[in-house]
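Asks: Let me begin by handing over the structure; questions about it come next.
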Amino acid sequence: SLIYLNGEIQPAESARISPFDRAFLFGEGIYEVCIIINGQFVDMDSHLARLDRSLGACGMTPPPERAQLPQIMHDLAHANGITNGFAYLQVTPGATPRSFTAVPQGRPTVMILAQAQDFLSAPSLSRGITVQLQPDIRWLHRDIKTTMLLPQVMAKRSALANGVDDTLFFDELGITEGSSSNVFIVEASGTLITRPLSHHLLAGCTRARIITLAQDAGMKVEERIITRDELLRAPEVFVTSATYMIVPVTSIDGHAVGDGQTGEVTKRLQDAYLDFMRSLSAP
Ligand code: PLP
């Protein structure tokens, strides 16, 4: 496959990143994942806006090709013949001597890869996912989309080992987010609840899109803490992310959510999200 690295689309097999890259030595990296549906990137602007924000939050300078990123991502998808899949974009400060505070002299590392995947046929869309709950052991800047993903990898591995699909995290206040998604519940009244944005969770681009679509459809959305009790009693629970899109949660720690099927409100929002994505491909 072809990747983009530091100014050039090139074969992944021969691409080279320095062992002194600060992402490798210190985990200093920022990333984004943006899906491609029928040749269109979904919410690319909000993903790139969050990239800028994450870079700023950890004092990294925007890469020289920042303004060209949308074009580069399109070119890379095209070069790989991908009309359904995703682009993964990572930016790091680049290489420095192995010193915590060394200031990079060279260019930041910018790597983009594109991978084919048929998101619209994912079984989880109709079947939903089962989850377990775990304490959120991550750091307190979860609003920065960093490549320091060891806690998330551990949470997903633990889910698989325990026979469920994914893990949702909680802190002393309530549910923070999923291991790679945001969490919503639907109250019996039909009101959607999701945790307010703060440094405790990532500001999901899909979360924002779903809130807009829900409000456009006349639904009520409240941003407030969801306690663990509330989550377990909710008639409907769903998660959102670029790659999940919007997926029902059918069981939590072995307790069925509602009747264990996709809820009515979740289904309506799934339809609204699919319509939104179709509207992107319209001429
Ligand atoms: N929260 C976490 C921890 C994530 O890793 C992700 C996406 O990977 C999200 C939320 C959802 O964000 P988005 O909808 O922008 O993909």
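The values are calculated or read from the model by the stated rules, or taken from the named source; none is laboratory data. Being a predicted model, the structure only gives us computed values, none of them experimental. Cβ placement follows ideal geometry from the backbone for every residue including glycine, while neighbour counts extend to all protein chains displayed.
Asks: Give the number of residues within segment 18-35 that are crowded, with 22+ Cβ neighbours inside 10 Å and within 16 Å of the ligand (Cβ to nearest atom).
Replies: So the count comes out to 5.
Asks: Are there any pairs, at least 6 apart or on different chains, whose C-beta atoms fall under 6 Å, with the first in segment 149-171 and within 20 Å of residue 128 (Cβ to Cβ) and assigned to a helix (DSSP H, G or I) and the second polar (S, T, N, Q) and within 11 Å of the ligand (Cβ to nearest atom), and if so, which?
Replies: Taking only residues 6 or more apart or on different chains, the pairs are 155/167; 155/179; 156/179; 159/167.
Asks: All but one of (1) out of contact with any Cys (no Cβ under 8 Å at 6 or more places or on another chain); (2) in contact (Cβ under 8 Å) with a residue 40 or more places away in the chain hold for residue 259; which doesn't?
Replies: If we test residue 259 against (1) out of contact with any Cys (no Cβ under 8 Å at 6 or more places or on another chain); (2) in contact (Cβ under 8 Å) with a residue 40 or more places away in the chain, just (2) comes out false.
Asks: Okay, moving on. Between a residue in segment 200-213 that is closer than 9 Å to residue 240 by Cβ and any residue that is among the polar types (S, T, N, Q) and near the ligand (Cβ under 6 Å from one of its atoms), which pairs come within a Cβ distance under 7 Å, given they are 6 or more apart or on different chains?
Replies: 204/182; 204/240; 204/241; 206/240; 206/241; 207/182; 207/240; 210/240
Asks: To continue, here is another question. Please pick out the residue among 52, 136 that is among the acidic types (Asp, Glu) and touching an Asp or Glu at 6+ places or on another chain (Cβ under 8 Å). Full working, then the answer.
Replies: Numbers: 52 fails: touching an Asp or Glu at 6+ places or on another chain (Cβ under 8 Å).
After applying the criteria, what remains is 136.
Asks: Residues being out of contact with any Ser or Thr (no Cβ under 6 Å at 6 or more places or on another chain), small (Gly, Ala, Ser) and either closer than 16 Å to residue 247 by Cα or modelled with pLDDT under 95 (or both): count how many of those fall in segment 151-179.
Replies: Total satisfying the criteria: 1.
Asks: Between a first residue in segment 1-30 that is under 15 Å from residue 89 (Cβ atoms) and a second residue that is assigned to a loop (DSSP other than H, G, I, E, B) and among the charged types (D, E, K, R), which pairs have beta carbons less than 9 Å apart while being 6 or more apart in sequence or on different chains?
Replies: Here the result reads 4/65; 5/16; 6/65; 6/107; 7/65; 7/107; 30/145, each pair linking segment 1-30 to a residue that is assigned to a loop (DSSP other than H, G, I, E, B) and among the charged types (D, E, K, R).
Asks: Follow-up. Check residue 45 against each of (1) touching a Pro at 6+ places or on another chain (Cβ under 9 Å); (2) part of a strand (DSSP E or B) and name the one condition it does not meet.
Replies: Of everything listed in (1) touching a Pro at 6+ places or on another chain (Cβ under 9 Å); (2) part of a strand (DSSP E or B), residue 45 misses just condition (2).
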